[in-house]
Amino acid sequence: MARRKKPIIPDDVLDQVLAGRVVRTMSDADALLGDMKKALAERLLNAELDQHLDGEAVAGRPNCRNGYGQKTVLTDAGRVRLDIPRDRAGTFDPQLIARYRRRFPGFDDRIISMYARGMSVREIQGHLLEIYGMEASPDLISVITDAVLDEVAAWQNRPLEVVYPVVFFDALRVKIRDEGMVRNKAVHIALGIRADGTKEVLGLWIEQNEGARFWLRVMNELRHRGVEDILLAVVDGLKGFPDAIRAVFPEALVQTCIVHLLRHSLDFVAWKDRKSVATALKDIYRAVDAETGKTALAAFAESPWGRKYAAIVQSWEEVIPFYAFPADVRKLVYTTNAIEALNAKLRRAVRARGHFPNDDAALKLLFLALNRAEKEWIMPPREWSMAKAQFAILFGDRFARATV
């Protein structure tokens, strides 16, 4: 028979806390937790003042207690009115609730967490009122979330690795109000894979349109932040994109993303034919070498599907460099499809928002959504252990620099 788990708080302590209290509902429990939080906070504040007065005495500065002041602070359990101890000299500035601060530690994190899940300012305001009975103005919520912009600026300018074995470049569309109109703007993303297989988002950039000239500016920014070499760049097929990459990283191999290529190809296909055409295209990108791939492409061109959808054949001529890679590297490029998995998370975060009032609002949400996604990136892709050995052979000293 399993033994009863030892409680974190002993029963006799709980009995003392509950003495004279009747807790029948969750509302009663929330009120009790609020009282406990108030009592604990006041005890910590008094302990802080005792420590401060001890320090004053050691320094030879006369000081003593001087009663209490009251302050109402916002917590995740509602409003709590605290008795803040004061000192005679007025030099005590508590760390738990700093002077002039009206929010309890953790309250801002709760607001930011709700914002990161795609809730609008008005939705957060309604949630706080409904769940915690707390009125928080839209301005307060905006001030809390705007603090994230400082983190975004520091993150966007942080130093990067010297060499990235693989970098996926892509863009997704987000509706943002600009000059009185809601425009479809492109959020550009660079997702790098380090030498140990772990993933890292290198940056986010918002621009009206996705173009090769803009990507050239992104490449120069990556260079300024410390990136000296990219071994394999996986792109979405934008015209002029490979030239923009090679202008800054001349030795980089540029490969069109197979998933993007498949999706682009199926855009030409009637819905009822998509499954059959997708199956027929497998023979092309699963070919063992370039010669077999060309043969498979020629066979597709002569097939009923190739004749019906001739535009597909021309787009698949771009996949030829793909055959130079071993199977393990190919899997990393098209099976894992890391950038698409990331984009799916970002789209879920922005879907409920409709549109954003400005670029900063979009940037805040996307940055917070990325932070949540990065917490799940604990292990490298399954294909990385084999692909790493292939990269070491294919790129030699260039890959060795990434492992230093």
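Results, tabulated for the structure shown:
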quantity	calculated
Surface share of carbon and sulfur [accessible, 1.4 angstrom probe, percent] for the stretch 136-260	50 percent
Accessible carbon and sulfur surface of the stretch 339-386 relative to its total accessible area, %, 1.4 Å	54 percent
Full-extension gain in nm, A400 to A147, via 0.36 nm per residue minus C-alpha separation	87.1 nm
Shape category assigned to the stretch 342-391 from the gyration tensor of Cα positions, a/c cut at 1.5	prolate
Filter on K282/K308; K185/K275; K199/K275 - keep pairs with C-alpha separation over 29 Å	K185/K275; K199/K275
Per-residue HN-Hα couplings for the stretch 291-301 [Karplus 6.51, -1.76, 1.60; θ = phi - 60°; Hz; x = Gly/Pro]	5, 5, x, 5, 5, 5, 5, 5, 5, 5, 4
Accessible area (Å², 1.4 Å probe, nearest 10) - H52	50 Å²
5 angstrom amide H check on T256, placed H, neighbours 5+ away	V235
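The values are calculated or read from the model by the stated rules, or taken from the named source; none is laboratory data. Computed from a prediction, not measured in an experiment: that's the story for all the values here. The area values use the complete protein model at the heavy-atom level, side chains included, leaving out ligands, DNA and RNA. Shrake-Rupley method; radii C 1.70, N 1.55, O 1.52, S 1.80 Å.
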